[in-house]
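The block underneath contains the structure these notes are about, expressed in structure tokens.
The values are calculated or read from the model by the stated rules, or taken from the named source; none is laboratory data. What you see is a predicted model, and the numbers here were worked out from it, not measured in a lab. Positions of Cβ are generated from backbone atoms using ideal geometry, with glycine treated the same way; all protein chains shown enter the neighbour counts.
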Amino acid sequence: MLYCIIEEGLINEDFISKRTEQFDAIKKHVQDYPPEKVYQITDVEPALVRAAAVKYAASRNSFILYGLGVAEYKGGTAGVIALANLVLATGHVGRPHTGIDPLRGQNNVQGACDMGTLPYTFPGYQPTDDTKVLEKFAKAWGVNSLPVSDGLLEPEMYDAALEGRFKALYCVGYDPAQTQSNIGKVHEALKAMDFVVVQDLFLTETARFAHVVLPSACFYEKDGTFTSGERRIRRVSKVMNPPGKAKADWEIICLVSQTTGYPMFYTGPEQIMTEISSVTPAYAGISYDRLGDFGVVWPCPNGDHPGTPLLHVESFPKGKGTFVPVSYIIPEEEADEEYPFVLITGRCLEHYNNGSMTRRCEGFERISREELVEINPEDAARLDIEDGVMVKVESRRGRVKARVKVTGRSKPGVVFMTFHHQDTLTNILTSPGVDAKTLTPEYKVCAVKILP
């Protein structure tokens, strides 16, 4: 698309000269990617690429929304950078109805990242190697010092467990034994750990490997905040008490912390938000009461600040935006004679993530009761399989059973499955490939064969 935008003279020269750098490098690089060459890789018609490029660049306001699948390739980071290059070349940023937005996969991924669950930042994306940041958090948390080295990314945890270097996992509201890629390896890693704690609403697949399960409250059963991909912090209010011994996540974490020797006492989410505001500059002007009914969009540096719904109006955090040349990265594996189909995994409308909540809904279960393998009519005819029959889907890592759905939604040579059903662990099949920078698994490309 960038090749076409440059070719058609639709770049925003004023924006490029004032707010970007390294455009000459990207201009030269994209000459290797005319639509006709890209067609050989993607099977997307050159005319469609040109039309999309012109429409995006020529529009007064263009906005890029992209889903998780963009990042779920070995070249996932390159794909995201390529989208950013489009934004910089056209200047579609810093104005209402423009920009680029990664749609989050869960309802509070943004909030979790904001609070420092990434293994290389403190809350508010403050760096772990900044002396002043380390001193600030050590003082706030009442300790002499804090680790200066980064933690492990999730796939690194499993590698370390299999090597005997990673002994325990505390897993909150997440089911890697079903939803992580290449889960045969994940299962072996969980078995190798000395201690696994699962904190969740239901007994998930990961709970099968747990030594301790801590029952947590769902969002109807607790007070707190969620932060959307818009960066809007919203309050959620408790409408009923949690069942049995279930507690809000913050209460459980406090109890575990106290039991293991670190005194952690909070009266509730309001006090927690006060601490967050005191140590996180982007949240400094946010209080629990101020969130009201509509929330506040960070960054909000002080109590008089209205919040920041629109970013990058005058400049970028680093100053000028840098064009970064990226190339197509070949997937970990492709279809071949032995495994002639490409499996794409994803979600269906009716179910959510591991299905532990939605599979308990009678209405959803009536619509989507079991795992399906969606296959093109041409492939079904060639394999002599009919709609509704059971087949085995096999990759180099494992095999599962699923019911066939013959549909034109799948291209010839491509099959689609979800990962929502606990009795069909689709991700046993998926690729060991990961993005080189983020280690995001390659969920979207894996070679399989279909057997009776």
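Table for the structure above
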{"item": "Unique match (being part of a helix (DSSP H, G or I) and either aromatic (F, W, Y) or surrounded by fewer than 13 Cβ atoms within 10 Å (Cβ to Cβ) (or both)) among I26, I41", "result": "I41"}
{"item": "Residue match in the stretch 87-99 (condition: surrounded by 17 or more Cβ atoms within 10 Å (Cβ to Cβ), part of a strand (DSSP E or B) and under 26 Å from the mean Cα position of the chain (by Cα))", "result": "yes"}
{"item": "Some residue of the stretch 207-215 being assigned to a loop (DSSP other than H, G, I, E, B) and either within 23 Å of the chain's Cα centre (by Cα) or crowded, with 16+ Cβ neighbours inside 10 Å (or both)", "result": "yes"}
{"item": "Filter result for V406 (touching a residue at least 24 places away in the same chain (Cβ under 8 Å), under 22 Å from G69 (Cα atoms) and over 25 Å from the mean Cα position of the chain (by Cα))", "result": "no"}
{"item": "Only listed residue being at pLDDT 95 or above and not assigned by TED's automatic domain parsing to the domain that holds P176, chosen from H211, H305", "result": "H305"}
{"item": "Among (1) surrounded by fewer than 18 Cβ atoms within 10 Å (Cβ to Cβ); (2) touching a helix residue (DSSP H, G or I) at 6+ places or on another chain (Cβ under 9 Å) - the single one A138 does not satisfy", "result": "(2)"}
{"item": "Selection within the stretch 354-396 - under 27 Å from F202 (Cβ atoms), touching a residue at least 60 places away in the same chain (Cβ under 8 Å) and surrounded by 18 or more Cβ atoms within 10 Å (Cβ to Cβ)", "result": "N354, G355, S356, R359, V373"}
{"item": "L439, sole failed condition from (1) of a type in the set (A, V, I, L, M); (2) at pLDDT 95 or above; (3) within 30 Å of L152 (Cβ to Cβ); (4) surrounded by fewer than 18 Cβ atoms within 10 Å (Cβ to Cβ)", "result": "(2)"}
{"item": "Checking F323 against (1) exposed (fewer than 13 other Cβ atoms within 10 Å of the Cβ); (2) under 27 Å from Y3 (Cα atoms), the condition it does not meet", "result": "(1)"}
{"item": "Residues that are farther than 23 Å from G67 by Cβ and aliphatic (A, V, I, L, M), drawn from the stretch 116-159", "result": "V133, L134, A138, A140, V143, L146, V148, L152, M157"}
{"item": "Any hit, the stretch 163-176, residues being outside any loop (DSSP other than H, G, I, E, B) and more than 20 Å from T121 (Cα to Cα)", "result": "yes"}
{"item": "Considering residues of the stretch 219-248 that are assigned to a helix (DSSP H, G or I) and modelled with pLDDT under 95 only, the residue surrounded by the fewest Cβ atoms within 10 Å (Cβ to Cβ)", "result": "Y220"}
{"item": "Out of E338, E334, E365, sole residue that is of a type in the set (D, E) and modelled with pLDDT of 95 or more", "result": "E338"}
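Conditions (1) aromatic (F, W, Y); (2) out of contact with any Gly (no Cβ under 7 Å at 6 or more places or on another chain), marked per residue:
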site	(1), (2)
T267	no, yes
P281	no, no
V296	no, no
K320	no, yes
F323	yes, yes
